[in-house]
Amino acid sequence: MQFLTDFLEQAKAGNLYRKTVTYNPISPTCVQMDGQRYLMLASNNYLGLTHDPAVQQAAIDGIRLYGTGAGGARLTTGTYLLVDQLEQELARFKEAEAALVFNTGYMANLGVLSSLAEPRDVIFSDEFNHASIIDGCRLSRAQIAVYRHADVEHLQSLLKNTVCQGKRLIVTDGVFSMDGDLAPLGEITRLGELYDAIIVVDDAHSTGVIGPGGKGTAAHFGVSDKVQVQIGTLSKALGAEGGFVAGSKELIDYIKNKARSFIFSTALAPATIAAALAALRQLVARPEMVTRLTDNTQYVRRLLQAAKQPVVDGVTPIIPIMVGAEEAAVRLASELKKQGIIITAIRPPTVPAGTSRLRLTVSAAHERDELAWAVDIITAAISQPGMRVR
């Protein structure tokens, strides 16, 4: 088993070693570790709904009504009422005919892509797509044509010149998780119509974040009717756990009968489903949460730009601060932790070599004074010798 030791030693030597950190969440924006309180700026809890009283109470009620576990896969054990309600309301929210819940967003991408595409097909995939999309494409055994990030001209060239004996699928993240930028979905859907391609959008970081009422990327660009497959998660803005796909009734029925990650998985626990349903209802009833998230996001961007930090304009709460070298990113994250702030150092293989960064994420639950304090600490840490960003 020497290969285990060799791998771990290489990871440590290259500043690529990772380990889990245990802490106690005490609010949507703060955690406690070893008796110290930290401001969390590394969470995807975009609306702070993990600690919303209505969401927490729904989880408690779900256990009392349905027990602690689902007991089996839905096609063998059946489905309790909350799951049907969640899927119906997700479909309505995403302006689709139907929806299907998976255990995670990762499993949703694996199941949907490996079901829709076959060896005769071609999948056109953005080079910065999430690992779950990449793995779903690989499992499908379809031909994969990777286009340069958000480069619609390159995408069109591939669509025009790639021989395809079956279906064409264009798959993209709606919001890219490491840079926070948006896919050019208006242009992508135009190409989809031109080349008769199915459009698959992963809205993991878009649902509850952008678009009218937080409906996601397709709604943001006004092309919901042109995106055949919308994938999302319940574990980020909706503060619970799980993934989903939304589309036509025929699509959902097809995936129920084809997606192995759905067919062969025990269903999510009632508490999780109940929390997700309550969170979705809070989002629909309180669209001002999305407005507050946008306002907080723009506030942090303005402060960082005023402090001469290398932060680009954007509309999402994912704000990368580019560092470059892996070692520098690790040291900077460690220094910020000493100062009471948790921001993750993102390194290869998550991002390309030489593009390591701090990935700062903003929540609607953050207060302006703590965000301003954090920007001051970040700016001071970067200005220290050896911490300079590129």
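Assorted remarks:
- Packing-based order for 366-377, 316-327, using average beta carbon neighbours within 10 Å, highest first: 316-327, 366-377
- Per-residue ellipticity at 222 nm computed for the chain from its helices equals -13000 deg cm²/dmol, with DSSP H segments shorter than 4 residues left out and the rest contributing -39,500 (n - 2.57).
- Taking 27 Å as the limit for the C-alpha separation, the pairs 12/308; 215/337; 215/308; 94/258 exceed it in the case of 12/308; 215/337; 215/308.
- Note, ³J(HN,Hα) from phi for the stretch 321-336, Karplus 6.51, -1.76, 1.60, rounded to Hz, x at Gly and Pro: 10, 5, 10, x, 6, 4, 4, 5, 5, 5, 5, 5, 5, 5, 5, 5
- In summary, the aspartates and glutamates within cross-link reach of residue 19, defined as a Cα separation below 18 angstrom excluding same-chain residues under 8 places away, comprise 6, 9, 34, 326, 327, 335.
- Overall form of the stretch 1-158 per C-alpha gyration tensor (a/c, 1.5; a/b vs b/c): oblate
- Fully extending the segment from residue 26 to residue 51 would add 8.1 nm, taking 0.36 nm per residue of separation and subtracting the current Cα-Cα distance.
- Rounded to whole numbers, the Karplus 3J(HN,Hα) couplings from phi for the stretch 277-282 are 5, 5, 5, 4, 5, 5 Hz, using 6.51 cos²θ - 1.76 cosθ + 1.60 with θ = phi - 60°, and x at Gly and Pro.
- The stretch 153-199 shape via C-alpha gyration tensor axes, a/c threshold 1.5: prolate
- Just the protein heavy atoms count here, and of the accessible area of the stretch 91-187 at 1.4 Å, carbon and sulfur take up 48 percent.
- Cross-link reach list, aspartates and glutamates versus residue 167, counting only Cα pairs under 15 Å and skipping chain neighbours closer than eight places: 118, 121, 193, 196
- Check: the stretch 223-301 dipole with +1 on Lys, Arg Cβ and -1 on Asp, Glu Cβ, in debye: 100
- Heavy atoms of residue 113: accessible area, 1.4 Å probe, square angstrom to 10: 0
- Identified option (computed Cα extents along the principal axes in Å; candidates (i) 93, 51, 50; (ii) 64, 56, 39; (iii) 58, 56, 51): (iii)
- Counting DSSP beta bridges with both ends in the chain, the antiparallel % (nearest 5): 55
- Where the chain is the region considered: accessible area per residue in Å², 1.4 Å probe: 45
- Packing, as the average of other Cβ atoms within 10 Å across residues, places the peptides 172-182, 189-199 in the order 172-182, 189-199, highest first.
- Averaged over residues, the count of other Cβ atoms within 10 Å places the peptides 33-43, 19-29 in the sequence 33-43, 19-29, highest first.
- On the stretch 263-387, 58 percent of the accessible area sits on carbon and sulfur atoms, based on a 1.4 Å probe.
- Gyration tensor verdict on the stretch 266-332 (Cα atoms; rounded if a/c is under 1.5, prolate if a/b is larger than b/c, oblate otherwise): oblate
The values are calculated or read from the model by the stated rules, or taken from the named source; none is laboratory data. All of these numbers come straight from a predicted model, not from anything done at the bench. Neighbour counts run over all protein chains shown; Cβ positions are idealised from the backbone, glycine included. Quick note on the areas: whole protein, heavy atoms, side chains included, nothing else; ligands and nucleic acids left out. Shrake-Rupley method; radii C 1.70, N 1.55, O 1.52, S 1.80 Å.
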